[in-house]
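The values are calculated or read from the model by the stated rules, or taken from the named source; none is laboratory data. Owing to the predicted nature of the structure, the values given are computational and were not obtained by experimental measurement. Please note: Cβ atoms are built from the backbone with ideal geometry, for glycine as well, and neighbour counts cover all protein chains shown. Note: accessible area is taken over every heavy atom of the protein model, side chains too, but ligands, DNA and RNA are not part of it. Shrake-Rupley method; radii C 1.70, N 1.55, O 1.52, S 1.80 Å.
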Protein chains: 4
Amino acid sequence: MIRAGIYGATGYTGLELVKILQRHPAADIAFVASRSQAGKTLRDLFPAAPALPLVAGPDAPLDSVDVVFLCLPHAAAAETALVALAAGKCVVDLSADFRLRDAASYAHWYNHTHPAPELLAEAVYGLTEVCRAELPGARLVANPGCYPTSVLLALRPLLCSAVPLAGPIIADSASGVSGAGRTPALTSHFVEVADNFSAYKIGRAHRHLPEMEQAIGDWRAGAPPLLFSPHLLPVPRGILSTIYVTLAADANEADLRALYAAAYDGEPFVEVLPPGETASLAHVTTTNRCAIGLTLVGRTLILTSAIDNLIKGAAGQAVQNMNAMYGLDETTGF
Amino acid sequence: MIRAGIYGATGYTGLELVKILQRHPAADIAFVASRSQAGKTLRDLFPAAPALPLVAGPDAPLDSVDVVFLCLPHAAAAETALVALAAGKCVVDLSADFRLRDAASYAHWYNHTHPAPELLAEAVYGLTEVCRAELPGARLVANPGCYPTSVLLALRPLLCSAVPLAGPIIADSASGVSGAGRTPALTSHFVEVADNFSAYKIGRAHRHLPEMEQAIGDWRAGAPPLLFSPHLLPVPRGILSTIYVTLAADANEADLRALYAAAYDGEPFVEVLPPGETASLAHVTTTNRCAIGLTLVGRTLILTSAIDNLIKGAAGQAVQNMNAMYGLDETTGF
Amino acid sequence: MIRAGIYGATGYTGLELVKILQRHPAADIAFVASRSQAGKTLRDLFPAAPALPLVAGPDAPLDSVDVVFLCLPHAAAAETALVALAAGKCVVDLSADFRLRDAASYAHWYNHTHPAPELLAEAVYGLTEVCRAELPGARLVANPGCYPTSVLLALRPLLCSAVPLAGPIIADSASGVSGAGRTPALTSHFVEVADNFSAYKIGRAHRHLPEMEQAIGDWRAGAPPLLFSPHLLPVPRGILSTIYVTLAADANEADLRALYAAAYDGEPFVEVLPPGETASLAHVTTTNRCAIGLTLVGRTLILTSAIDNLIKGAAGQAVQNMNAMYGLDETTGF
Amino acid sequence: MIRAGIYGATGYTGLELVKILQRHPAADIAFVASRSQAGKTLRDLFPAAPALPLVAGPDAPLDSVDVVFLCLPHAAAAETALVALAAGKCVVDLSADFRLRDAASYAHWYNHTHPAPELLAEAVYGLTEVCRAELPGARLVANPGCYPTSVLLALRPLLCSAVPLAGPIIADSASGVSGAGRTPALTSHFVEVADNFSAYKIGRAHRHLPEMEQAIGDWRAGAPPLLFSPHLLPVPRGILSTIYVTLAADANEADLRALYAAAYDGEPFVEVLPPGETASLAHVTTTNRCAIGLTLVGRTLILTSAIDNLIKGAAGQAVQNMNAMYGLDETTGF
């Protein structure tokens, strides 16, 4: 039995992680920790949650666990990771702290000196379908961001192919409101969001951009730059990315589909949709799956990619990573 | 031209008032005031609002207006009312400060000593259809609460009749989220409200209860007590109240309908629905109307009553009251 | 392994049943049948469903199953039940066909002569918490309606007690749109439902009324009549019932709570909420649970009761019943 | 007073037109017609509509009007236009029948031989800000599609400039459900749309594509092709288009903004947003306005453009066109 501790259990991602781990046949939750809500139970905060007692982070019984999940704000996550690793525990970090390998880029985008730059090289960027060979025995996994998961899974087979690209790559994405966290803010007020749809931080302004470009660069030297336009959807959860990639030469859709089939056939959590079908949130909500549609129009490949931001985009992929770290079937618990 | 000033213009009610007054052919907005947002414009706060400059309340040019609308928290409203009345201005107060005639009851329900108890006797409780005879020349109008407007307009013809009543009156109401104001809170967070429906402060716990019982008592000595169960709806705006009144003797629906027809025929903003039709938010949203349905089942009269909480339940009724105060047709501006 | 067949698998209830049974460790889906969609797969109809082939009802391999679930319209369900029972199969009927014991009442409310009145006496009314003693070995279970499940679980401990009641009982309920089925209709059109809230068939007009009164009468001779006011909520799923029961004598809430504790302590799917807490959809959505709140105000007990209409109100309770029929722990598969 | 008749008044666009014309100080509604609902009133179909009697189209008193608005399906609209023009009436057609100047293209996209190709040359494509010089005295106005209005207003200043473009132009758009009409369909069922977001007919598959490319071609010879990806939003109304235009040479945002200011300064219904602000539905819902944001990122200009699909995208622009046809200020009635 894998014994797991969760830091920052009182947000939407933490709750989702609790739900998944509670049903997981090979894992137990040893503790749930919260800075601000210690002394309460999770049930005090969520009407459908189990009544797990919340402990303060520093009081969490680290000795009792094998692995910790960090659902903390950036910087706080890295600091807790240092403590957990020093205690010999494995870490799956759901914050952004170990996603960028370059501490200077981290400092630029997160406006904070990295608390543990010495760990950046070791951290595995946990897009499970890509990194699974590195997971068994890994000490530190940087769980990908929600938008990057939807965009990168869709781009990967194309970028890893020899198909020549012309630039830029455009990812037009829309996310449900849980992606913004549970802390009340005007931007997540029901009256502001309902009946609305809005673009924000478009172009090259969102913190998930460097994370995506890092992976893109790993997969294809000299890849075109990425433009990323997030939008806020009036739904609780889910991300749909519609991605436009211009090819540098003529192609046919069947050949491109073959690339995707080769990459994803047999993947339990990635579904390449049949010709003519485009992705929607309904394909994936409340699951750990990613649905990917392909449509070639002239020389532009339009990819549609849907995930549940709280599951494949966060807690689900974290457990998928844990499964791979411990040699379990990745689908265990789902 | 009536010159109007608005205090507390940065909430949902204030914005609605600005929209109505801007279209009003016989009124002008002289100023919009805000404690916290002075120096900005209303357009900085709402993407569809006009760019009216916000002044701090104490800096508002009271001399330039005939009437002020108070969209302030309770207590703050009464304090501003004192200043405005002292300056010879008329006041339409959209807070709860002048709705209860009994200062002790106010202190009990609002947990605050009333700042201006000497004005309570003078204030007109502004359910326009009921109080319009008192409005011309009134100095101070207490605009009714949103829930009370929906419940009281539905109950009034019955309570003012001789039909004998038994047993508690039950008002089961549901409101859109704008009723909770624009200040961010977990209870108005999109993810908490969407896909949800919840009861709160049921029975005799909500502050609108004494306001409703005061009016009920005015209309019928010895009326049964009221039970009031508010619910939070996943919609931006609108209130639907389903009200159960048990009669003490047999009756027939046609006679009861005649009471309502007598009370409301010719009312521009009250629609008594035909037999078999029940009220819904769709009857009234974005209008100043109240739709009332009647269904007699055995000895229980089931009333359904719908309003837009921001219009007939707040800003719209405030302007309707202003119209009556100044001798205009009540429908002016709608 | 229990082998199950599902008739009428292409509605929301059928899909939910497929999802539950697919995760069920002691049951297998042997077939899914559909009158209108035979030849397609379930995945053709729902983007997240498994690709189970749909067969026409008459072509379904009845021999291969132990139990059938009927998610069919009334009358069609009874006709299929006759066939299945004749073949020696157990039947869990999610339609209304076997809920009313009185064929004349059925004919009145469903406007149709009952196709199999000889089975009415045998059918077990499957409110699991109440009927579980009758389930092992039962051939025919009438799965309760969604509204009745929410109302009856809340009323049962009170009705089965000696606490004297004065009438009537008022159940003010609100349901998500999936309760109306998947067939397109103006009343379930997104634009008509979103931002709206409406009452319909209030008083004594809804088909679930006789079903509820039948159970109430079983539990308390001479119980007061029921008034039932359903409302349509702009949410996909969930039912919240706010129920008002007037007591004939003074009582205290602690004594009433003791009745509910005695009735439901240890129940895996019924949660009696602590004092001061009222039920909401968020307590139960996507679960097989029923959350019940109690608030005594004067002599009126206000019960709030929430379920997921598709799970505890339909497919979940059906599987809970199947579990009990076959001697499994009722929680198996959840 | 302009006397107006409305054909096809029972859809969402027709209702919106009725609302606008009822408030219009210089227009009267002479009749509302419906093929399927003749004999009813509009109030029978919409709970907040006025009780205007619906006549069958052939029975409509054409003699009594100056102008007719056609809210009919394509082909039916052209046939009615022929009748109205023969009677000497002006026509504002809200269908697609007169938008494409090429009858062959119409036949291809609408799968129907054009009923009145001889009128195509005369019809004014009614994007008011562009065509207003042609409107006084026009007999036949083809009101633009909703998506095209949002996309074309955003593209026009750039396309009419000398700024060189590289291709393709990508318009990623999202629309509320009222754009799909009021006829019930699974794709507009509340449960299918709520909590969902989906792409459909992406690339070069939607009927609004040729309409947009026709205008683009008029404004810029040799313009790049358009890719258009519509999405369905879980909101009743509103369109947001995020548009990517790659420039063929470096540019700076200030120069591009100057183009937009020159094009739209003084326009009552077009708002070019300040630097850093992107468009949202909240900028425009329930208004006749279009809000346009500009963000230059490298050589890609990202335009965000929002309209209310039922108003600026349909009924509102139709009245704006009528105003211009009759020499009224375009803002009359808004």
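Partners of A:LYS89 within straight-line reach, counting lysines whose Cα lies under 19 Å from its Cα and excluding those fewer than 8 residues away in the same chain: none found. The Stokes-Einstein estimate for chain D, based on a Kirkwood radius over Cα pairs and taken at 25 °C with 0.890 mPa s viscosity, is a diffusion coefficient of 121 µm²/s. Ascending distances from the B:GLU134 label point to its copies in the other chains, with the point 7 Å along the Cα-to-beta-carbon line: 5.9, 6.2, 7.5 nm. Note on chain A: with a GNM built from Cα contacts shorter than 10 Å, the maximum mean-square fluctuation among A:ASP97, A:ASP66, A:ASP218 falls on A:ASP218. Dividing the radius of gyration of the alpha carbons in region D:147-308 by their Kirkwood radius gives 0.98 for Rg/Rh.
Stick to the Cα atoms of region A:106-235, pair each with every other, and give me the Kirkwood hydrodynamic radius in Å at one decimal. Radius from the Kirkwood sum: 16.6 Å.
When Lys and Arg each count +1 and Asp and Glu each count -1, what net charge do the other residues less than 9 Å away from D:PRO275, Cβ to Cβ, add up to? That sum, taken over residues with Cβ under 9 Å, equals -1. Measuring with a 1.4 angstrom probe and ignoring ligands and nucleic acids, A:TRP109 comes out at about 50 Å² accessible. Rounded to the nearest 20, the size of the Cβ-charge dipole of chain C about its Cα centre is 480 debye, with Lys and Arg at +1 and Asp and Glu at -1.
Counted by Cβ distance under 15 Å from A:VAL319, the other residues give a net charge of -2, where Lys and Arg count +1 and Asp and Glu count -1. Here the sum of -39500 (n - 2.57) over DSSP H runs of 4 or more residues, divided by the residues of chain A, equals -7500 deg cm²/dmol at 222 nm, to the nearest 500. Computed over region D:186-244, the range of Cα coordinates on each principal axis works out to 45, 18, 16 Å, biggest value leading. Projected onto its three principal axes, the C-alpha set of the protein assembly as shown covers 84, 77, 64 Å, listed from the longest axis down. Using the Cβ of B:HIS112 as centre and a radius below 13 Å, the other residues enclosed give a net charge of -1, where K and R count +1 and D and E count -1. Only beta bridges with both residues in chain C are counted; by DSSP, about 45 percent of them are antiparallel. Overall, region D:2-122 carries a charge dipole of about 380 debye about its Cα centre when +1 sits on the Cβ of Lys and Arg and -1 on the Cβ of Asp and Glu, all other atoms neutral. With no solvent and one equal point scatterer per Cα, compute the Debye intensity ratio I(q)/I(0) for region B:217-331 at 0.12, 0.20, 0.21, 0.23 Å⁻¹ and report its log10, rounded to two decimals. At q = 0.12, 0.20, 0.21, 0.23 Å⁻¹ the computed log10 ratios are -0.51, -1.24, -1.29, -1.36.
Once the mean of 1/r is taken over each pair of separate Cα atoms and inverted, region A:2-122 shows a Kirkwood hydrodynamic radius of 14.7 Å.
Could you list log10 I(q)/I(0) for region D:66-168 at q = 0.22 Å⁻¹, which the Debye formula gives when each Cα is one point scatterer? The Debye formula, applied to the Cα set alone, gives -1.17. Under the criterion of Cα pairs below 8 Å and six or more residues apart, the relative contact order for region B:1-141 equals 19 percent. Our summary gives region B:73-170 a relative contact order of 28 percent, counting only alpha carbon pairs under 8 angstrom and 6 or more residues apart.
Candidates D:TYR264, D:SER178, D:VAL245 compared by Cα position along the dipole of region D:147-308: farthest toward the positive end lies D:SER178, with charges placed on Cβ.
Across chain A, C-alpha contacts under 8 Å between residues 6 or more apart give a mean separation that, scaled by the residue count, equals a relative contact order of 18 percent.
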